[in-house]
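Each remark here refers to the structure printed beneath this line.
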Amino acid sequence: MRRSLKMRKLLIIAGSAGAIEAVRELLSHLSKDIDYSVIVLIHQKEQCLVSLANSLRDSTTLPVVDPEDGVELLNGFIYAAPPLYHMQVEQNFHISYALDDRVKFSRPSIDVLLQTAAWAYHKHLRVVILSGSSSDGANGAQKVLSYGGRVYVHDPDEAQVAIMPKSVLEACQISKAYPLKELTDMLRDWRS
């Protein structure tokens, strides 16, 4: 029997070039008692692969993990997407990985993660799109909105690389982008 969606919430923070400092800032403002799971996905160049979890741990008091295939998403944990695999969210709120072809030259793909998470979490999904140098995330953001989730986009004028936030704003016809300070306030206050 499938558990109630009402009891499960997920925040996804995604970006590419220039996003890591913004991610650290967002994570530093999350309280220890959050009632949702967090996934962070940042594209990395293959010649510069590092553990995303290791690079984020000093930014937050929450546990940051490199999740194994099949792990269940739990409230209060930050799950860092590993390089080279597509991260997917299954209907039973577990993570799975795939070595499918790259999407928009990327693996992991933000689109793949968002599309699968939208299907699992529906209106209980929040997405933050940060700086990046590709349009990865635009199709996934459309899927999130179609399932009732919410998408927040970092202001392209403030982002280090504006291509990703601009592509999501255009694809989803989102009229408002947010400076990082407003994004941190919204995430800290997310209770519904």
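The values are calculated or read from the model by the stated rules, or taken from the named source; none is laboratory data. In this text, all values refer to a predicted model and were calculated from it rather than measured experimentally. Here the Cβ positions follow ideal geometry from the backbone for every residue, glycine too, while neighbour counts run over all protein chains shown. These area figures cover heavy atoms from the full protein model, side chains too; ligands, DNA and RNA do not enter into them. Shrake-Rupley method; radii C 1.70, N 1.55, O 1.52, S 1.80 Å.
Miscellaneous remarks
- Total residues in the stretch 70-114, condition assigned to a loop (DSSP other than H, G, I, E, B), open to solvent by 40 Å² or more (accessible area, probe 1.4 Å) and either of a type in the set (Ser, Thr, Tyr) or touching a Cys at 6+ places or on another chain (Cβ under 6 Å) (or both): 1
- Scanning the stretch 18-29 for residues that are open to solvent by less than 40 Å² (accessible area, probe 1.4 Å) and over 14 Å from residue 79 (Cα atoms) yields 18, 19, 22, 26.
- Those residues of the stretch 115-144 which are hydrophobic (A, V, I, L, M, F, W, C), touching a helix residue (DSSP H, G or I) at 6+ places or on another chain (Cβ under 7 Å) and assigned to a helix (DSSP H, G or I), in sequence order: 118, 138, 141, 144
- Pairs are defined by a Cβ separation below 8 Å, a sequence spacing of at least 6 or placement on different chains, a first member in the stretch 123-144 that is at pLDDT 95 or above and among the polar types (S, T, N, Q), and a second member that is buried (at least 22 other Cβ atoms within 10 Å of the Cβ) and not in a helix (DSSP H, G or I); the pairs so defined are 131/15; 131/16; 131/19; 131/154; 131/159.
- Given (1) surrounded by fewer than 19 Cβ atoms within 10 Å (Cβ to Cβ); (2) modelled with pLDDT under 95; (3) of a type outside the set (Phe, Trp, Tyr); (4) within 24 Å of residue 63 (Cα to Cα), number of the condition residue 187 does not satisfy: (1)
- No other residue among 73, 84, 114 is without any contact (Cβ under 8 Å) to a residue 60 or more places away in the chain and hydrophobic (A, V, I, L, M, F, W, C) apart from 84.
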